[in-house]
Every structure is written in C-alpha cells, then in structure tokens.
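Chemist: Okay, here's the structure, questions in a sec.
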Ligand SMILES: NC(=O)c1ccc[n+]([C@@H]2O[C@H](COP(=O)([O-])OP(=O)(O)OC[C@H]3O[C@@H](n4cnc5c(N)ncnc54)[C@H](OP(=O)(O)O)[C@@H]3O)[C@@H](O)[C@H]2O)c1
C-alpha cells in the first residue's frame, strides 16, 4: 500500500462538492505530476467515488490504488445483505473489477451488527473483488468484537492519529500485535478542531484552540530546523512511526510539500520532543480527547 494517500473528503460544504470538475483536475494533477497513486474515498462522501472514477478514467489500473469505505450500520437485521450491496455499489461507482482496500467506515451498531457487516466484507474478499479489507475508527473493543467471529483478520484500521493523540488504550500496539496496519487521518489535528466547533461549547473551542496553538508552537520550532513547514513535520512524524497517512489538500503547493516528506528524516531527539507534546485534552460529552475518531465506541 502506498504510504501517503490523497484524501478526497475535501472541498465539500454540507457534504456537497463545491466544484467537482476542479476536484477531477486536482486528482489527475496529483496522479500524473506529483506521484500520488493512493486515493482514499468513501461511499459516505457523496459523489466522491464517481469523481475518483472520472479522474482516473483510461489510466492503467496498476498505476493507482483505491481505498474506499462502506457505511457502518446500526441494525444487525439485513446488515450482511446491505453491506454486500454497498460493496457492489462501490465497485460500480468506481467502475473497477476490484478495490485495493475496502473498509467498514464506523463501528456503529452492536457487536452482532459489526460481525454481520464484517462477514459480508470477508465474502467479497474471498470472491477477489476486494484485495484487502479493513475497518475505520475502530477502538479495541470493536476490534475484539470482530475477532470473535472473523475468519479474515482486518488488514487495516484507519483512525484519527497524530502527535497529540491520547492513545491510552494502546490501539497502535494492539493493531501491531494482530498485524493490522494502523493508518492515520487527522495528521494536522483538524478532527479535534472540527469536533470542538461542532459541539457548540465555547469553552471547548477555546480549549481546543489553546491546545492546538501550544502543540503547533513546538512543531513550528522543529520545522525551522529542517527548513520545512509544520505540516511536513506532522506528516514526517507519522512516517517515522511507520504509520501510513492520508492528507487532503486543494492547494498544489501543499500537495507537493506533502510528497517531499520522504526526502528527510527527523533525528531521534526531535522525534522524542514531538512524542512529548501534551496529549489532546479530554472534554466530556464533546468528543475531544477521543482516540479513534468518528465511531460510536470511543
Ligand atoms: N475514516 C474516517 O472517518 C476519516 C475521517 C476524516 C478524514 N478521512 C480521510 O482523510 C483525509 C484527510 O482528512 P483530514 O481530516 O485528516 O484532513 P487533513 O488532511 O489533516 O487536513 C486537511 C487540511 O490541511 C491543509 N493542508 C494539507 N496539507 C497542507 C500543507 N502541506 N500545508 C498547509 N496546509 C495543509 C488543507 O488545506 P489546503 O487545502 O489549503 O492545503 C486542509 O485544510 C480525508 O480527505 C479523508 O479521505 C477519513
């Protein structure tokens, strides 16, 4: 799997694309000129799979890697069939014979619902329409639930993960132990800011802004040393930890910068300094401080 993915959940307002044509051109530019080969999308990003399909139309299938996601379901009844039809829908929307990685987007629903959804992914994996299957936003208890009945261990868990994450449940260690690749979104601490703003609590917003500014002061100081940008340091830290990442940007210079993180290494001391930044503060009832992201189990 290519280490850095191009995230397609960008340039959306109220889950609607601002300019789909521009997005298609951006993906083509990233693929043809900047060397992006891994595109992360989802059935939950309305229209995104079709945009990816149009952008990659006519390109050699071996030249790109597609990861997509199917929505988590609350109800175990019909969960198997509904998930199977989401998988077929994704293949049709993307117009591909196979998807490189397909993830269950959120651990919604009870354990039985999760197990039924996983069974549908296992079936499609065995039928070769999915090259790898995984989950997203899964905490340990949701992974434990899958393991009870899984005949295929998830290949990947895509979660909110960055230098200030509170990984008090040792999710990374857990994934390593089972051979599950932990993949990061939210490298730039955006998820916490989004949650702070969406919980309509002004003290949470102030706390989030304060935490982000303290963390970014340290990151900026490190970035000066390497003559690069703070975003590159945030991304490089993940690479140093052997955590593949997804970044999205609609800015060509940023897309270029993000690809340059493979050209330098952080020193042991700087990694230790970044490891030591304060963890994200927990705000009860607001989602801040949660480990994995958008699931229901965190
Ligand atoms: N599984 C899930 O539940 C889940 C949840 C969220 C996201 N994702 C995936 O992860 C992708 C990334 O989402 P994210 O939330 O983690 O956002 P992100 O990529 O961490 O942040 C995007 C923001 O960072 C800015 N940015 C990117 N590179 C930059 C650079 N080099 N310098 C300065 N600014 C830079 C972008 O602004 P500019 O446009 O100005 O560059 C944009 O505002 C999504 O597109 C999606 O594919 C998955």
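The values are calculated or read from the model by the stated rules, or taken from the named source; none is laboratory data. Since the structure is predicted, the reported quantities are computational estimates derived from the model, not experimental observations. Cβ sites come from the backbone with ideal geometry, for glycine too, and all protein chains shown count toward neighbours.
Chemist: State yes or no: is residue 146 within 26 Å of residue 232 (Cα to Cα) and either more than 13 Å from the ligand (Cβ to nearest atom) or in contact (Cβ under 8 Å) with a residue 24 or more places away in the chain (or both)?
Modeler: no
Chemist: Within region 217-236, can you find the residues that are within 14 Å of the ligand (Cβ to nearest atom) and crowded, with 17+ Cβ neighbours inside 10 Å?
Modeler: 219, 223, 228, 229, 230, 231, 232, 233, 234, 235, 236
Chemist: Here is a follow-up. Of all the residues that make up region 134-172, how many are touching a helix residue (DSSP H, G or I) at 6+ places or on another chain (Cβ under 8 Å), outside any strand (DSSP E or B) and within 24 Å of residue 99 (Cβ to Cβ)?
Modeler: 13
Chemist: Conditions: (1) over 23 Å from residue 23 (Cβ atoms); (2) within 16 Å of the ligand (Cβ to nearest atom); (3) more than 18 Å from the chain's Cα centre (by Cα). Residue 112 meets all but one. Number of the miss?
Modeler: Failing condition for residue 112: (2).
Chemist: Related question: Of 189, 252, 195, which residue is within 13 Å of the ligand (Cβ to nearest atom), touching a residue at least 40 places away in the same chain (Cβ under 8 Å) and closer than 19 Å to residue 271 by Cβ?
Modeler: Among 189, 252, 195, only 189 is within 13 Å of the ligand (Cβ to nearest atom), touching a residue at least 40 places away in the same chain (Cβ under 8 Å) and closer than 19 Å to residue 271 by Cβ.
Chemist: Name the single residue, out of those in region 1-22 being modelled with pLDDT under 95 and within 11 Å of the ligand (Cβ to nearest atom), that is surrounded by the most Cβ atoms within 10 Å (Cβ to Cβ).
Modeler: Only one residue tops the list, namely 8.
Chemist: Out of 243, 239, report the one residue that is modelled with pLDDT of 95 or more, away from the ligand (no atom under 11 Å from the Cβ) and part of a loop (DSSP other than H, G, I, E, B).
Modeler: Going through 243, 239 in turn, just one is modelled with pLDDT of 95 or more, away from the ligand (no atom under 11 Å from the Cβ) and part of a loop (DSSP other than H, G, I, E, B): 243.
Chemist: Something else about it: When you look at residue 253, is it in contact with a helix residue (DSSP H, G or I) (Cβ under 8 Å, 6 or more places away or on another chain) and assigned to a helix (DSSP H, G or I), yes or no?
Modeler: no
Chemist: May I ask you to verify whether residue 182 is crowded, with 21+ Cβ neighbours inside 10 Å and at positive phi?
Modeler: Here the answer is no, as residue 182 does not meet what is asked.
Chemist: Would you check if residue 175 is over 30 Å from residue 60 (Cβ atoms), surrounded by fewer than 18 Cβ atoms within 10 Å (Cβ to Cβ), away from the ligand (no atom under 13 Å from the Cβ) and in contact (Cβ under 8 Å) with a residue 12 or more places away in the chain?
Modeler: For residue 175, the condition - over 30 Å from residue 60 (Cβ atoms), surrounded by fewer than 18 Cβ atoms within 10 Å (Cβ to Cβ), away from the ligand (no atom under 13 Å from the Cβ) and in contact (Cβ under 8 Å) with a residue 12 or more places away in the chain - is not met.
Chemist: So, one more: Report whether or not residue 37 is under 23 Å from residue 183 (Cβ atoms), within 13 Å of the ligand (Cβ to nearest atom) and modelled with pLDDT of 95 or more.
Modeler: It is false that residue 37 is under 23 Å from residue 183 (Cβ atoms), within 13 Å of the ligand (Cβ to nearest atom) and modelled with pLDDT of 95 or more.
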